[in-house]
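Colleague: Mind having a look at this structure? Questions to follow.
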Amino acid sequence: MAVQSRRVDLDAPDRRSETVVRLLTCPDPQTLLTAVIEAAQEEVDASAVTIHLLQDDGGLRLATATGLDERLEERLRILPADGGLPLNIVARERRPVFESAESLRERFRDIAELRAPAGFAVFPLLTGDKCLGMMGLRLDSGRSPSVRENSTLSMIVSVCAHRLDHLLSTEDEVFPAAGRQFDQAVRFVEGRTRAARLDLALSSADMGSFDWDLSSGQVVWDERLGRIYGLQHDDYERIESIFDAIHPEDRPQIEEAVRQSYGTGECNVVHRIVRPDGTIRWLDSKGTLFFDPVGRPQAMVGISQDRTEAIQAEMNRTSRREFVLAVTAAFSKALSTQDVVDAATGDVLPGLEAQALALYLEGKDGLSLAGSAGYRTADEAMLRSAELLGEGGLLRGLCEEGTPKLIENREDYLKAFPDPALQLAADHQAWAMLPLSTAEGRVGACVISWGRQHTFSSDDDMVYAAISSILAQSLARSRRFDESRRQMTDLQRMMLPQSVPELSGVDLAVRYLPGTGGMEVGGDWYDVLPLAGERVGLLIGDVQGHSAEAAAVMGQLRTALRVYADEGHSTASLLRRGNRMLCGLDTELFATCCVVELDPRDGVVRMARAGHPYPMLVEPDGSVCQLDEAGGLPLGLDPAEGYSVVEAELRPGATLLLYTDGLVEHRGQSYSAAVDVIGKVLAGEDRAGGGVAALERLADRIIAPAVTRGAMDDIAVLLVRRPG
């Protein structure tokens, strides 16, 4: 009874919890969004609330709104990705934004609502690293939300995002993306007679005409077309010469176009030719068929225009556009600063066909090298030199000027930077030096270099400007992520035991490794408890999911189990009470758990499991086995679930390993194979020296692969050994 009363005090219902429950029980997306607007208006005096959803192309679509007049609602219905409203800023930077009507009035003179005093607060709908959209509020008071209001509104949009993501994934609800249609009309002026076509061909030096007699195979070209093909007069008396010059890969489409023209009367095709000197040109050829009185094709008269420069320019523009889109997609997935560095060296460097790249970050102490690729060991010192990074250094000046420097050859580089301390190896011949900054200030710099001379076009200027902007915003976002991640990880570490007690008769070692797959923390935990009669209690568990809620539930569950253990409850009773407690919480989360009671005097182990991975036992001779006896359901699923107790023996010199599933669940390896790997690590342990030091080394070896590859899920490890 005392335990129940303690739990009720900790979880007394308030308006926040009622709001969370109301949102989490919404059965469909529309009901959810309506409830979110109502909850927001209950918290702040908002005269208008909007919810926009983020589309695949980066644009925003209005999902629901209240308090808007028809004209403004129509204006906000579809917003492009590059807009300047606070809604667009939140979509790009994924952080809450507040702006006053006064600050927006100058930029958006056509929005009448900005003429009256007001404030606009926008909050992103985030689920880990994914942004679903945002909620916007018009506050007629003009003041920004208070600390408490910000906290509550952030909670509302967070719950909304997770519930919306769940509804969309489980019910296949799809919000239609804004349609995009790209229509191109290409028209060519064509005459109806041979004379008209010949006159058209003569009007441009890049255009020539041909007259093909289908019955004899004879073809007459004018001199302009001959020059386009790079042929002499004697080379083009028969039609075969045309096909001989056509690029081999384009011949099938030419032949197919000619066949189809017998039915349509027109032959239009864009194709390549190969001149005698090997030069490739692009031609746009058009022909009209003439038929005899019974409908048989007799001749084709047409024109061919050299479109090489225009087509290549369009291909280059398309290639650059696809490259920028690919870079944008790569950086959008980058969460941490290291992710941004990896994306820069893995996508930007090969995409530009460059040789090397160095990325610098602006910090409290100035610029520092965040990562590089393609440089020789001898160049590493220069990349960190004071001449490059210090006051008056090359990159410091670049950042202060804020203007990219594009250097096409080594001679120009040496003229601009004659200092011997700034000289790279001779295989660097061209450079793009890009300052990185956002509206909030300087972020860093990026240096890209080529192993050959490189000509920069006006289109290249736009590409590098786009790369600079995308990279700067990604770095700014990743630094906020790194800080938030650090704070969340510190919070979870505070919920874990700050130290492991020194207990008589056992050696202990623990490890906790936060996952790297997102910003939110997980719910993994462990605990070591001294029990009556010199016994030792070992607990390890994992609350489902990665969120602040999972961490909070973990803290409540761990605290409750400690209380139950202090009250002297048995192993199975701990799990039963913890299960009922979790079932009574206002959460949909469940948890796995393993409770072990060890008597160091005789080595008797009493164990109960709730859906948790099997412990692993290492005998004194190095043999390894799993304690795979049956357990019960995870905690929080069925309040009536019971849990059986299994007994085993921990002999002198034997070791017991408890762990969470993040240790053995990762891409590219099955669960059983990962367990076998851990078993081999345990069996191959070097016990030299013995004691806690040997157990600590073993703990490091167990988690080393996860540290190297980057654990996507949190990992908790607890090792206990009965000394020999």
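Colleague: HN-Hα J couplings of region 326-339 from phi, Karplus 6.51/-1.76/1.60, θ = phi - 60°, integer Hz, Gly and Pro as x?
Modeller: So the J values, rounded to whole Hz, are 5, 5, 4, 5, 5, 6, 5, 8, 7, 9, 8, 4, 5, 4.
Colleague: Return the carbon/sulfur percentage of the accessible area of region 1-143, one whole number, probe 1.4 Å, all protein chains in place. Kindly include the intermediate steps, with their values, before the conclusion.
Modeller: Numbers: 3650 of 7100 Å².
The C+S portion of the solvent-accessible surface of region 1-143 is 51 percent.
Colleague: What is the angle, in °, between the Cα long axis of helix 671-683 and the longest principal axis of the Cα atoms in the chain? Nearest 10 is fine, range 0 to 90.
Modeller: Tilt of helix 671-683: around 60 degrees.
Colleague: Here is a further query. To the nearest 20 debye, what charge dipole does region 46-156 have about its Cα centre, counting +1 at the Cβ of each Lys and Arg and -1 at the Cβ of each Asp and Glu? Working shown, then result.
Modeller: Values: 15 positive and 16 negative charges, 43 e Å.
Dipole about the Cα centre, nearest 20: 200 debye.
Colleague: Scale the Cα Rg of region 279-338 by the rule-of-thumb value 2.2 N^0.38 Å and send over the ratio, two decimals.
Modeller: On the way: Rg = 22.8 Å, N = 60, 2.2 N^0.38 = 10.4 Å.
Scaled against compact globular proteins, the figure is 2.19.
Colleague: A further question follows. Using a ≥ b ≥ c from the Cα gyration tensor of region 640-724 (square roots of the eigenvalues), is it rounded, prolate or oblate, where a/c under 1.5 gives rounded and otherwise the larger of a/b and b/c decides, a/b for prolate? Intermediate results must be reported in sequence, preceding the final value.
Modeller: Numbers: a/c = 2.03, a/b = 1.10, b/c = 1.85.
Taking the square roots of the gyration eigenvalues as a ≥ b ≥ c, region 640-724 is oblate.
Colleague: In whole percent, what relative contact order does the chain give with Cα contacts below 8 Å and a gap of six or more residues? Could you put the intermediate results ahead of the total?
Modeller: Details: 1264 pairs, mean separation 53.2, N = 724.
Relative contact order for the chain comes out at 7 percent.
Colleague: Just subtract the alpha-carbon distance of Tyr671 and Asp461 from 0.36 nm times their residue separation and send over the number in nm, one decimal. Before the final figure, lay out the partial values.
Modeller: Values: separation 210, 0.36 × 210 = 75.60 nm, distance 4.99 nm.
That works out to 70.6 nm of additional length.
Colleague: Further question: What number, rounded to the nearest 500 deg cm²/dmol, is the helix-based mean residue ellipticity at 222 nm of the chain, given -39500 (n - 2.57) per DSSP H run of at least four residues and division by all its residues?
Modeller: On the way: 22 runs with 275 residues, N = 724.
Value at 222 nm, helices only, nearest 500: -12000 deg cm²/dmol.
Colleague: Ok, one more. Solvent-accessible area per residue for region 586-648 at a 1.4 Å probe radius, Å²? Could you put the intermediate results ahead of the total?
Modeller: Values: 2640 Å² over 63 residues.
Result: 42 Å² per residue.
Colleague: What's the magnitude of the charge dipole for the chain around its Cα centre, counting Lys and Arg as +1 and Asp and Glu as -1 at the beta-carbon? Answer in Debye, nearest 20.
Modeller: On the way: 75 positive and 110 negative charges, 174 e Å.
Result for the chain is approximately 840 debye, rounded to the nearest 20.
Colleague: Given labels modelled 7 Å from the Cα in the Cβ direction, how far is it in nm from Glu567 to Ala630?
Modeller: 2.9
Colleague: Moving on. Between Asp165 and Arg317, with labels modelled 7 Å along Cα→Cβ, what's the label distance in nm to one decimal, could you check?
Modeller: 3.9
Colleague: Relative contact order for region 339-420: what percent, with Cα pairs under 8 Å and sequence separation of 6 or more?
Modeller: Details: 62 pairs, mean separation 13.8, N = 82.
It comes to 17 percent, rounded to a whole number.
Colleague: Taking the Cα centre of region 366-488 as origin and charging only Cβ (+1 Lys, Arg; -1 Asp, Glu), how large is the dipole, in debye to the nearest 20? Let's see the in-between values first.
Modeller: On the way: 13 positive and 17 negative charges, 107 e Å.
Here region 366-488 has a charge dipole of around 520 debye.
Colleague: Something else now. Working from Cα positions, state the angle (0 to 90°, nearest 10) between the long axis of helix 571-584 and the longest principal axis of the chain.
Modeller: 50
Colleague: Another question about this same structure. Can you tell me the alpha carbon radius of gyration of region 324-474 divided by the globular rule-of-thumb value 2.2 N^0.38 Å?
Modeller: On the way: Rg = 14.3 Å, N = 151, 2.2 N^0.38 = 14.8 Å.
The value comes to 0.96.
Colleague: If I stretch the segment between Asp206 and Arg697 completely, what's the gain in nm (0.36 nm per residue apart, minus their alpha carbon distance), one decimal? Don't skip to the answer; put the middle values down first.
Modeller: Working: separation 491, 0.36 × 491 = 176.76 nm, distance 7.64 nm.
Using 0.36 nm per residue and subtracting the Cα-Cα distance, I get 169.1 nm.
Colleague: How far is helix 548-566 tilted, in degrees, relative to the longest principal axis of the Cα atoms in the chain, given as a value from 0 to 90 rounded to the nearest 10?
Modeller: 10
Colleague: Is region 583-698 best put as rounded, prolate or oblate by its Cα gyration tensor, with a ≥ b ≥ c the root eigenvalues, rounded for a/c under 1.5, and otherwise prolate when a/b is larger than b/c, oblate when not? Please report the intermediate quantities before stating the final value.
Modeller: Values: a/c = 2.34, a/b = 1.47, b/c = 1.59.
It comes out oblate by the Cα gyration axes.
Colleague: Now a separate question. With each label point set 7 Å from Cα along the Cα-Cβ vector, what nm distance links Glu18 and Arg77?
Modeller: 3.7
Colleague: Among Val675, Gly642, Gly691, which residue has its Cα positioned farthest towards the positive end of the charge dipole of region 572-724, with +1 placed on the Cβ of Lys and Arg, -1 on the Cβ of Asp and Glu, and the dipole taken about the Cα centre?
Modeller: Gly691
Colleague: Further question on the same structure: For Lys130, which lysines qualify as cross-link partners when the Cα separation must be under 27 Å and same-chain residues fewer than eight apart are set aside?
Modeller: Lys333
Colleague: Between Ile254, Val528, Gln355, whose Cα lies farthest towards the positive end of the dipole of the chain when Lys and Arg beta carbons carry +1 and Asp and Glu beta carbons carry -1, centred on the Cα centre?
Modeller: The one lying farthest along the dipole's positive direction is Val528.
Colleague: Any idea which of Met382, Gly584, Leu54 is furthest toward the positive side of the dipole for the chain, if Lys and Arg beta-carbons carry +1 and Asp and Glu beta-carbons -1?
Modeller: Farthest towards the positive end: Gly584.
Colleague: I'd like to compare 696-708, 82-94: which one has the highest average count of other Cβ atoms within 10 Å, and what's the full order after that?
Modeller: Working: 696-708: 16.2, 82-94: 18.5.
Peptide ranking by packing, descending: 82-94, 696-708.
The values are calculated or read from the model by the stated rules, or taken from the named source; none is laboratory data. Here the structure is a predicted model, which is why all the values come from computation and not from measurement. FYI the Cβ positions are ideal-geometry reconstructions off the backbone, even for glycines, and counts take in every protein chain you see. We work out accessible area using only protein heavy atoms, side chains counted, and drop any ligands, DNA or RNA first. Shrake-Rupley method; radii C 1.70, N 1.55, O 1.52, S 1.80 Å.
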